[in-house]
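**Student:** Before anything else, here's the structure in question.
No value in this document is a laboratory result; all are computed from the given coordinates. Computed from a prediction, not measured in an experiment: that's the story for all the values here. Using ideal geometry, Cβ is built from the backbone for each residue, glycine included, and neighbour counts are taken over all protein chains shown.
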Amino acid sequence: MSRALRVTPGLLALGLLVPALGLLAGSITLRARAPEAAPQDQAAAAKAPAVPAPAAAPTRSTPAQAEAAFKDDVHAKAGLGCDSCHGPKKADGSYAPIARTAIAPTCAKCHADASFMRKFAPQVRVDQYAQYQTSVHGQQMAKGETRVATCSDCHHAHGIVQVRDTRSPVAPAHVASTCAACHADAARMTPFSRSPEVFAEWSQSVHATALLKRGDTSAPTCSTCHGSHGATPPGVDAVANVCAQCHVREAELFKGSKKKDIFAAMGQSDCLVCHSNHRIEPPDQTWIGLEGKALCATCHDDTVPGAAVIKSVRQGFDDLQLRIKDADALLTRAENAGMLIEDGKLALHDASEAHVRMRVLVHAFAAPPFDEVLKEGVAAAEKASTVGHEAMNELQYRRRGLAVATLVILGFLATLFVKIRKLPAI
């Protein structure tokens with residue numbers, strides 16, 4: 001009985017000692033693993049929609065195919081029938097096919113009539129046929145060239161759905177493949193001296209990635225730049241205006257730069273000199289420089305007056321990118337250790353935004369506006385790093401404090417244990 005009474009306080013001291021040792025171990029190894037990518041995120045990336053193949057060139061449908069397709073046609077839903085386009089049946093009960101040169105004028109009987117269209121679709125424009133007549137397609141068709149596109153090639157002849165319907169061949173995600181039915185066909189394009197590689201080039205562009213993989217329907221496709229019914233290749237003097245529909249700030253900066261007059265004197269298309277037309281790649285700071293594959297190096301070398309500016313801009317990009325990378329790594333370490341770093345994240349976001357703005361300001365082809373934003377970005381990156389360092393210092397301070405507290409507790413428990421052992425037996 002007395003032996004049990006002597007051991008019980010010792011066990012109590014040991015019970016306090018074990019958690020203390022756990023706290024000490026935790027203070028030394030306190031660090032969480034970085035979260036891994038969620039399986040669903042990986043699966044989503046793997047299922048990103050691929051660039052579609054060119055659509056098949058339209059072929060004449062059989063009467064049975066036309067009847068089946070017409071059931072879901074917008075014209076059928078509006079109460080129109082076969083005779084609305086084909087005229088009355090022939091003696092054998094069939095409808096006469098519409099000649100290719102007559103397709104657009106046939107569609108225009110309704111679609112160019114404002115009074116008629118207002119009864120069914122008031123929002124639909126009635127100048128589409130007029131635009132078509134000004135297009136390359138319409139002008140060639142007027143000359144009797146039937147290999148060019150007409151209404152049914154893009155919208156289909158039967159089974160036509162509204163443009164905003166995702167099944168439509170002219171819905172944003174399908175426009176390029178619809179155009180490619182003709183424009184990716186080498187046999188069809190060669191007689192017109194057109195490259196059949198345009199669709200393949202566009203498919204590798206940043207625009208195709210945004211539209212087809214990210215689902216951004218505002219991203220440019222064929223009709224965005226070339227027009228739809230009035231489709232025509234933009235000329236040298238029109239390219240910048242076409243690009244400026246979306247890239248407003250870049251266009252304004254370029255127009256105010258020295259390069260504008262230089263390119264005009266050379267007869268060069270402003271944007272195409274650096275970005276090309278269809279295979280437009282994501283902008284990268286490695287384009288800037290006077291060495292290797294840098295775009296600037298294709299025209300400039302160390303002897304030009306602007307060489308110092310080119311080098312300075314590239315150095316600014318590289319310096320800020322490195323600062324952002326280091327600050328991000330530091331903040332990640334602190335966050336994984338359980339520290340609060342919200343101010344640092346905000347500063348890091350500001351630094352990244354400055355980096356993006358610098359890419360835009362490159363189009364000014366001058367140092368002053370670029371350097372101002374660079375300073376803002378560097379200041380933000382330094383603030384993010386400061387927050388990260390302060391968080392890590394605070395973490396070390398806490399660990400040292402916890403270690404000291406643990407040692408005090410251990411000393412107290414050891415003293416208590418010795419005292420208990422010296423107590424006289426009852």
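**Student:** Nearest 10 degrees, 0 to 90: what angle lies between the long axis of helix 307-336 and the longest principal axis of the chain (Cα atoms)?
**Tutor:** Roughly 50 degrees, rounded to the nearest 10.
**Student:** If you take the square roots of the eigenvalues of the alpha-carbon gyration tensor of the stretch 111-192 and sort them as a ≥ b ≥ c, do you get rounded (a/c under 1.5), prolate (a/b over b/c) or oblate?
**Tutor:** Taking the square roots of the gyration eigenvalues as a ≥ b ≥ c, the stretch 111-192 is oblate.
**Student:** For the pair residue 195 and residue 400, what calculated FRET efficiency results from E = 1/(1 + (r/R0)^6), where r is the Cβ-Cβ distance and R0 = 56 Å, to the nearest 0.05?
**Tutor:** 0.20
**Student:** Placing +1 at every Lys and Arg Cβ and -1 at every Asp and Glu Cβ, with all other atoms neutral, what dipole size does the chain have around its Cα centre, in debye to the nearest 20?
**Tutor:** With only Lys, Arg, Asp and Glu charged at Cβ, the dipole is about 1700 debye.
**Student:** If you don't mind, another one. Return the distance in nm (one decimal) between the two label points of a simple spin-label model at residue 95 and residue 302, each offset 7 Å from Cα along Cα→Cβ.
**Tutor:** Roughly 7.4 nm, to one decimal.
**Student:** Still on this structure, please answer the following. Based on the Cβ-Cβ distance of residue 386 and residue 311, what FRET efficiency does E = 1/(1 + (r/R0)^6) give at R0 = 22 Å, to the nearest 0.05?
**Tutor:** Computed FRET efficiency for residue 386 and residue 311: 0.15.
**Student:** Compute the length gained on full extension between residue 418 and residue 123: take 0.36 nm times their separation in residues and subtract their Cα-Cα distance, giving the result in nm to one decimal.
**Tutor:** Result: 96.9 nm gained on full extension.
**Student:** Using a/c under 1.5 as the rounded threshold, could you call the stretch 92-158 rounded, prolate or oblate? The axes a ≥ b ≥ c are square roots of the C-alpha gyration tensor eigenvalues, and prolate needs a/b larger than b/c, oblate otherwise.
**Tutor:** Because a/c hits 1.5 or more and a/b fails to exceed b/c, the stretch 92-158 counts as oblate.
**Student:** Neighbouring Cβ atoms within 10 Å as the yardstick, rank 243, 82 fewest first.
**Tutor:** 82, 243
**Student:** Decide, for the stretch 251-306, between rounded, prolate and oblate: order the square roots of the alpha carbon gyration tensor eigenvalues as a ≥ b ≥ c, take rounded if a/c falls under 1.5, and otherwise choose prolate if a/b is larger than b/c, else oblate.
**Tutor:** oblate
**Student:** Can I ask one more? Where the only charges are on Cβ atoms (+1 Lys, Arg; -1 Asp, Glu), what is the dipole of the stretch 137-218 about its Cα centre, to the nearest 20 debye?
**Tutor:** Here the stretch 137-218 has a charge dipole of around 80 debye.
**Student:** Based on the mean of other Cβ atoms within 10 Å per residue, sort peptides 83-94, 332-343 so the most packed one is first.
**Tutor:** 332-343, 83-94
**Student:** How about residue 345: which aspartates and glutamates have a C-alpha closer than 14 Å to its C-alpha, ignoring those fewer than 8 places off in the same chain?
**Tutor:** The reachable aspartates and glutamates, counting only those whose Cα sits under 14 Å from residue 345, are 326, 328, 335, 353, 382, 390.
**Student:** Peptides 281-294, 346-359, 111-124: what's the order by average Cβ count within 10 Å, highest mean first?
**Tutor:** Descending packing order for the listed peptides: 346-359, 281-294, 111-124.
**Student:** Further question: Straight-line reach from residue 89: which lysines have a Cα under 25 Å away, not including same-chain ones fewer than 8 places off?
**Tutor:** Cross-link targets: 71, 77, 109.
**Student:** Another one. In debye, nearest 20: dipole of the stretch 234-282 around its Cα centre with unit charges on the Cβ of K, R (+) and D, E (-)?
**Tutor:** Here the stretch 234-282 has a charge dipole of around 100 debye.
**Student:** Once the Cα atoms of the stretch 322-414 are picked out, what are the Rg and Dmax in Å?
**Tutor:** 19.4, 73
**Student:** Continuing with this model, one more query. Once label points are set 7 Å from the Cα along Cα→Cβ at both residue 140 and residue 69, what is their separation, rounded to one decimal in nm?
**Tutor:** 2.1 nm
**Student:** Specify which labelled value, from [x] -0.31, -0.58, -0.81; [y] -0.49, -0.81, -1.02; [z] -0.31, -0.64, -0.88, agrees with log10 I(q)/I(0) by the Debye sum over Cα atoms at q = 0.06, 0.09, 0.11 Å⁻¹ derived from the coordinates of the model shown.
**Tutor:** [y]
**Student:** To the nearest Å, what is the center-to-center distance of the stretch 284-354 and the stretch 139-206, using C-alpha atoms only?
**Tutor:** The distance from the Cα centre of the stretch 284-354 to that of the stretch 139-206 comes to 41 Å.
**Student:** Another question, if that's okay. In the structure shown, do any of 260/325; 258/375; 213/255; 325/375; 213/375; 311/375 have a Cα-Cα gap over 26 Å, and if so which?
**Tutor:** With Cα atoms farther than 26 Å apart: 260/325; 213/255; 213/375.
**Student:** Just report the Cα centroid separation between the stretch 82-118 and the stretch 381-404, whole Å.
**Tutor:** 78 Å
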